[in-house]
Every structure is written in structure tokens, then in C-alpha cells.
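Contents: one structure, followed by commentary.
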Amino acid sequence: MKNIWKNWKTTSAGILAIVGGITRFAFAMKAGEFTEESVTTTVMAILTGIGLIFAKDGNITGGTIKQ
């Protein structure tokens with residue numbers, strides 16, 4: 001498994017997206033508004049976060065990481 005922290009910018013954005021999606025779902029459940037919109041928003045935020053975690057930072061060219 002690759003070290004996901006080498007691309008810290010996209011990894012941190014991915015983690016924030018996942019946390020935001022879970023928070024959105026928690027507030028919807030607490031308010032009793034368990035709707036298709038809340039589920040869709042949560043799933044999309046989590047999938048976006050996963051994609052960002054495995055993405056490479058934009059300032060990295062070629063196949064290497066600038067140190």
C-alpha cells in the first residue's frame with residue numbers, strides 16, 4: 001500500500017470530504033430527515049473523499065514526488 005500522506009493536500013481534502021459527508025448524515029438522522037437527498041449527499045461525499053485520498057497532488061509531475 002502506498003503512503004497516502006506523500007500527497008498530503010489531496011489526502012487531507014479527501015478526509016475532510018468524508019467527515020463532512022458523515023456529519024451531514026448524522027445531522028439528518030438526528031433531525032429525523034432521513035431522505036433520499038441526505039443519503040445521496042452522504043454517499044457522494046464519501047466517494048469523492050475516497051477518490052481524493054488516492055489522487056496525486058497537482059504540483060507533482062511525471063511519476064515522482066518533489067521533496
Do the conditions hold for Leu16, that is, is it modelled with pLDDT of 95 or more and in a helix (DSSP H, G or I)?
-> yes
If you go through Ile53, Ile22, the only one that is at pLDDT 95 or above and within 12 Å of the chain's Cα centre (by Cα) is Ile22
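The values are calculated or read from the model by the stated rules, or taken from the named source; none is laboratory data. This one's a predicted model, so the numbers in the text were calculated from it and none came from an experiment.
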